[in-house]
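Accompanying notes for the structure given below.
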Amino acid sequence: MIARELSRYRVSIILLEKGSDVAQGSSRANTAIIHAGYDADPRTWKGKLNAKGNAMYRQLAEELDVHFSQIGSLVVALEESEIPILEDLMKRGRENGVKGLEIVNREWLLRREPNLNPKALAALWAPTAGIICPYEMVIALAENAVANGVRFLRETPAAGIVVEDGQVRGVMTNRGFIRTGFVVNAAGLYADEIAKMAGDDSFRIIPRKGEYHVLDKRVGNLVRTVLFPVPTKISKGVVVTPTVDGNILVGPDARDVDDKEDVSTTPEGLAGVMREARRLIPDIPVREAITQYAGLRAVATGDDFIIGPSERVRGFFNAAGIQSPGLSSAPAIAEVIIDMLRDTGLRLVPRPDFNPVRKGIRRFSQLSMSERAKAVWRNPDYGQIICRCELVTKAEIVEAIRRSPGATTIDGIKMRTRAGMGRCQGGFCGPRVLAILSQELRIPPEKVTKNGGSSYILNCKTKEPLLYIK
């Protein structure tokens, strides 16, 4: 979001990504909710920026051709003792500028959500809350930023920040030295380590794991609204929510861990998530879970976002500790960072040729029968169904690879087209996607990876031509 906002101006921008693609960390594995903004203290960055960011999403989604649905959220009280908390949240939300908040009664709730626990007494209704596909948004932002002149370098981790006389002078990478007077540290779980490279050890990032279940689309009508329990000090609780793609998402729990790469799921964690979810939806069908995953929140010491110039190094800016509601606040965070860069000496001259519009990949599954026939007539690759569960065609996969920045891995295709996200989880389409990647990238099949690095799908050839001797 910061790179895309900067691309409005006549500046040279390089976006460094240590992974094989964008959206490999917290931006991918989260609850996909654009929060209304009633939860955070109005005196914090979270409280100041959530509602502002929320209000920017509709225009962003239109410009970037991203799926966004403002379905509203409910914080459900199951006990009398929880109702005063709803009133506190409503008061706080109004201080934060959230519009339309009201406390609704049991009858209203059960009319809207007939599968809700009948013990529900009341709920805080927030009509401005919404759902989005977070990695679709990140990919769209990256594509639009690159189209507007941003240079994107994947598999390029920062190895060091060069500082002279208290001023940033450049970044060391595995591709060489990048000379610059301004660095924005938006490195998620590793933001504290990047800051230390510049001599700023003013904060620490603590990984907080959350585990999730994804339910099949055939139970996608289980709930109509984002459903929250009454929150705790460390978490908004286990949520039951629709997704923009028609699934139901259940989770997360919250548990601090030591390993910033630990996205493993556990039987205990997943069982606990389902147990908590059933307090809201008693008949939630666990057998309809088609996959599970875990994500890590980047929790900073102090528990608020850390936004702004370092007090120890000139030219070094932090956008760190961006846990929930980070996705919701991201557009507003970008504006704040841009203003701070301008205030500290970066000359920002608007570009008259900036184009905010990006068109997404045309989804064959969402076309009418006549539109599908026309698509196949124009491009026969639309006639080859690669993913049966999600009805993804070869044409869509090829386009996902050829875009800039395009997919180079199985997961990259998955995020851009949904191939592999259906009920069989890639059991049918996986080998076909691998073959297309091999052909388009002009690499041997055994060099195709799941998500970069050494995550190879194939180890070696197992079949060779046979020599028959009579």
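The values are calculated or read from the model by the stated rules, or taken from the named source; none is laboratory data. None of the values given here were measured: they were computed from a predicted structure. Because the Cβ atoms are built from the backbone with ideal geometry, glycine has one as well, and the counts that use them run over all protein chains shown. Protein only, heavy atoms only, side chains kept; ligands, DNA and RNA dropped before computing areas. Shrake-Rupley method; radii C 1.70, N 1.55, O 1.52, S 1.80 Å.
Couple of notes before you dig in:
- The residues neighbouring R432, those whose beta-carbon lies less than 11 Å from its own, together hold a net charge of +2 under the Lys/Arg +1, Asp/Glu -1 convention.
- F228 - accessible surface, heavy atoms, 1.4 Å probe, Å² rounded to 10: 10
- Å² of accessible area per residue within the chain, as computed with a 1.4 Å probe and no ligands counted: 47
- log10 of Debye I(q)/I(0), alpha-carbon scatterers only, for the chain at 0.08, 0.13 Å⁻¹: -0.50, -1.31
- Computed from point charges on the beta carbon alone (+1 for Lys and Arg, -1 for Asp and Glu), the dipole magnitude for the chain about its Cα centre is near 1580 Debye.
- Furthest towards positive pole of dipole, N379, Q366, A407, structure part the stretch 332-408, Cβ charges: N379
- Relative pair counts by distance (%), Cα atoms of the stretch 370-470, 5 Å bins: 2, 13, 21, 21, 17, 11, 6, 4, 3, 2, 0, 0
- Spin-label proximity, F354 to the stretch 60-85 - amide N less than 16 Å from point 7 Å beyond Cα toward beta carbon: 60-61, 63-64
- Under the simplified labelling scheme, the L441-F177 pair shows an inter-label distance of 3.2 nm, with each label point 7 Å from Cα along Cα→Cβ.
- Qualifying GluC sites (Glu not before Pro) in the stretch 1-81, DSSP loop, other Cβ atoms within 10 Å at most 11: E79
- Cα gyration tensor category, rounded, prolate or oblate, for the stretch 379-435 with a/c compared to 1.5: oblate
- T265-S69 FRET efficiency (beta carbon distance; Förster radius 30 Å; 0.05 resolution): 0.65
- R275/R378 FRET efficiency (R0 51 Å; Cβ-Cβ; nearest 0.05): 0.50
- Of the DSSP H helices in the chain, those whose Cα atoms cover at least 18 Å axially and whose Kyte score averages -0.5 or more: 134-147, 267-280, 326-343
- Within the stretch 236-317, GluC sites (Glu not before Pro) in DSSP loop having at most 12 other beta-carbon neighbours inside 10 Å: E261, E311
- Positive-end residue, the chain charge dipole about Cα centroid, Cβ charges, pick of L189, N96, T393: T393
- Under the convention that each Lys and Arg Cβ holds +1 and each Asp and Glu Cβ holds -1, the size of the dipole of the stretch 1-89 around its Cα centre is about 720 debye.
- Normalised by the number of residues in the chain, the average gap of Cα pairs under 8 Å and 6 or more apart makes the relative contact order 19 percent.
- The stretch 254-401 shape via C-alpha gyration tensor axes, a/c threshold 1.5: oblate
- Pairs from K46/K233; K99/K119; K394/K447; K394/K414; K260/K450; K233/K260 whose Cα-Cα separation, in the structure shown, is over 18 Å: K99/K119; K394/K447; K260/K450; K233/K260
- K196 versus S365: modelled label distance in nm, points set 7 Å from Cα along the beta carbon direction: 4.2
- Selection from A277, T156, I337, by position along the positive dipole direction of the chain (Cβ): T156
- Accessible heavy-atom area order of L391, L101, highest first, probe of 1.4 Å: L391, L101
- P(r) histogram, all alpha-carbon pairs of the stretch 54-140 included - 5 Å bins from 0, percent: 3, 13, 20, 18, 15, 13, 10, 5, 1
- Pairwise centroid distance, computed over Cα atoms, of the stretch 1-72 with the stretch 246-277, Å: 23
- Basic side chains Lys and Arg get +1 at the Cβ, acidic Asp and Glu get -1 at the Cβ, and with that the dipole of the stretch 190-290 about its Cα centre reaches some 600 debye.
- Split the accessible area of the stretch 339-380 by element, probe 1.4 Å, and carbon with sulfur accounts for 55%.
- Whole-Å distance, taken between Cα centres, linking the stretch 353-423 and the stretch 170-233: 28
- Annotation: the antiparallel percentage among DSSP beta bridges lying fully within the chain is about 85.
- Global form of the stretch 114-169, assessed from the alpha-carbon gyration tensor, a/c cut-off 1.5: prolate
- Over the chain, dividing the summed -39,500 (n - 2.57) contributions of all DSSP H runs of at least 4 residues by the number of residues returns a 222 nm mean residue ellipticity of -9000 deg cm²/dmol.
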